[in-house]
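Taking it in order: structure first as structure tokens, then the write-up.
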Amino acid sequence: MKREERQKLIENIVKHQCIKSKQEVIDIIDARFGIHFSQTTISNDFTQLNIHKLPAQNMPAHYQIIHKNNAKYLKMLKKLYAHEINHISVINNCILIQSSPGFGQTVNFYIDALEIHDIIGTVSGNDTTMIMTQSNDIARLVVNELFPDHPL
């Protein structure tokens, strides 16, 4: 099976089933077609297809295809800022975002999805997201870009 065919098949599986692990995709393809792919191959396909595991209402977290939409991501961050983000601070070249429990990785997801070139990297836990930038000035610019209503 060629890569393009495999990726079309993966897209179809993810669109029509609640997939909670990459192993499920491997097992489905193996059962239907008798072809086994490694976890690495499937992981690379997920990255290329922009498939990520996200929380969902009334369902366990599962893999979904994410279509790049910066306006939507900024809108979601604005909504999170209004309801779930409790505090934002800039410390040197780092931005710390305190959120309600369980929302740290959601905030991180939307920030990463924006692919802002001034952001070196992000790390998050249950209720905290840390953003690394090159300098204090750039950190302040990033906060302004992500949360224009936030006073600096």
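The values are calculated or read from the model by the stated rules, or taken from the named source; none is laboratory data. Everything numeric here is computed off the predicted structure, so don't read it as measured data. Backbone-built Cβ (ideal geometry, glycine too); neighbour counts: all protein chains shown.
Observations on the structure shown:
- Test result for Phe46, closer than 18 Å to Phe109 by Cα and modelled with pLDDT of 90 or more: yes
- Cβ pairs under 8 Å, 6+ apart, first in segment 136-152 and without any contact (Cβ under 8 Å) to a residue 24 or more places away in the chain, second in a helix (DSSP H, G or I): none
- Identity of the residue in segment 84-127, β-branched (Val, Ile, Thr) and within 17 Å of His150 (Cα to Cα), that ends up surrounded by the fewest Cβ atoms within 10 Å (Cβ to Cβ): Ile91
- Hits in segment 1-50 - residues which are of a type in the set (A, V, I, L, M, F, W, C) and under 14 Å from Gln64 (Cβ atoms): Ile10, Ile13, Val14, Cys18, Ile19, Val25, Phe46, Leu49
- Number of positions in segment 36-84 that are of a type outside the set (Ser, Thr, Tyr) and in a strand (DSSP E or B): 12
- Looking only at residues of segment 107-152 that are part of a helix (DSSP H, G or I) and within 14 Å of the chain's Cα centre (by Cα), we find that the one that is nearest to Lys75 (Cα to Cα) is Tyr110.
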